[in-house]
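Quick notes on the structure that follows.
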Amino acid sequence: MPEVYLRAVEALMLRSEEVCLVAAHNDDLSGARRCGLKTAFVARPYERGPDQKVDLKAESDWDVIARDMNELADAIGA
């Protein structure tokens with residue numbers, strides 16, 4: 001649903017390329033990238049419990065790939 005990403009961009013009064021979606025879900029990041037947003041993958045390997053099988057790692061060359069929010073902050077210079 002590109003509307004979700006594009007409405008967020010509109011609400012922020014920014015251009016798509018000025019917004020970054022941070023997510024632990026590769027499919028969400030893929031949708032955001034198709035809408036022109038930057039992308040950051042932060043793993044959450046236990047989000048769905050100990051038997052989680054999906055979204056354990058970045059499945060694309062997202063703009064940033066981080067193990068946690070501290071690593072993400074370091075990567076973007078925050």
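A few points about this structure:
- Looking at Gly36, Gly49, Gly31, just one residue is surrounded by 11 or more Cβ atoms within 10 Å (Cβ to Cβ) and in a loop (DSSP other than H, G, I, E, B), and that residue is Gly36.
- When Leu14, Leu21, Leu37 are checked against the criterion of being over 11 Å from the mean Cα position of the chain (by Cα) and not polar (S, T, N, Q), a single residue qualifies: Leu14.
- Scope the stretch 52-78; condition outside any loop (DSSP other than H, G, I, E, B) and either touching a strand residue (DSSP E or B) at 6+ places or on another chain (Cβ under 9 Å) or at pLDDT below 95 (or both); matching residues: Val64, Ile65, Ala66, Met69, Glu71, Leu72, Ala73, Asp74, Ala75, Ile76
- Enumeration of residues in the stretch 1-23 that are hydrophobic (A, V, I, L, M, F, W, C) and either buried (at least 17 other Cβ atoms within 10 Å of the Cβ) or part of a strand (DSSP E or B) (or both): Val9, Val19, Cys20, Leu21, Val22, Ala23
The values are calculated or read from the model by the stated rules, or taken from the named source; none is laboratory data. Keep in mind it's a predicted model, so treat the numbers as computed, not measured. All Cβ positions, glycine included, derive from the backbone under ideal geometry; neighbour counts span all protein chains shown.
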